[in-house]
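Please treat every number below as a calculation from the coordinates, not as lab data. Values in this document were obtained by computation on a predicted structure and should not be read as measured data. So basically every Cβ, Gly included, is an ideal-geometry build from the backbone, and we count neighbours across all protein chains shown.
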Amino acid sequence: MPSPLRTLALGLSCAALMVAGCGDSEQEASAPKATPTPEATPEPTKPKVGKPPGAEPKTLVKKDLKVGTGPAAAVGQKVTVHYVGVSYLNGRQFDASWDRGEPYTLTLGAGEVIKGWDDGIPGMKVGGRRQLVIPPDLAYGAQGSPPNIGPDETLIFVVDLIGVR
């Protein structure tokens, strides 16, 4: 028959192995977990959009105001953006996701938005901010989008790319 001291030692050894091998719920809760690729935090404030210098362009003009460091947007992907749109003619804002407090999600190249966006956003990287100057034939054309956008109006957008998937 084993001695009580030996039984106690064996019991403590088993308990120590169980604690070391199994962990506890607090340790498990603090263990790192896999997370999806994070979306970029948009620039902290709504941008001010001004008319670029020079004559009104006849083709799409893309200008990166800030180059992102995340994945690049491609046709066929869902992208999430914050944006401000203003008239080239008078500088008046006609739309801004910032004012609604919610970004906008679209599928690039699916015709869900004006062609100037489908052509102007691909290649942008998450975390970037891009200015798009969009001529009427890539925007709303001769019909405009009353009451805020007149016929044959050139538009200026500043777009922040928040995420792609």
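Things worth noting here:
- Potential lengthening between Ala110 and Arg165 on full extension [0.36 nm per residue; Cα-Cα distance subtracted]: 18.4 nm
- Spatially proximal lysines relative to Lys62 (Cα-Cα < 29 Å; intrachain offsets below 8 disregarded): Lys46, Lys48, Lys51, Lys78, Lys115, Lys125
- For segment 61-164, dividing the convex hull volume of the Cα atoms by the residue count gives 88 Å³ per residue.
- Exposure proxy shown here: for Phe94, Phe157, the number of other Cβ atoms within 10 Å sets the order, fewest to most, as Phe94, Phe157.
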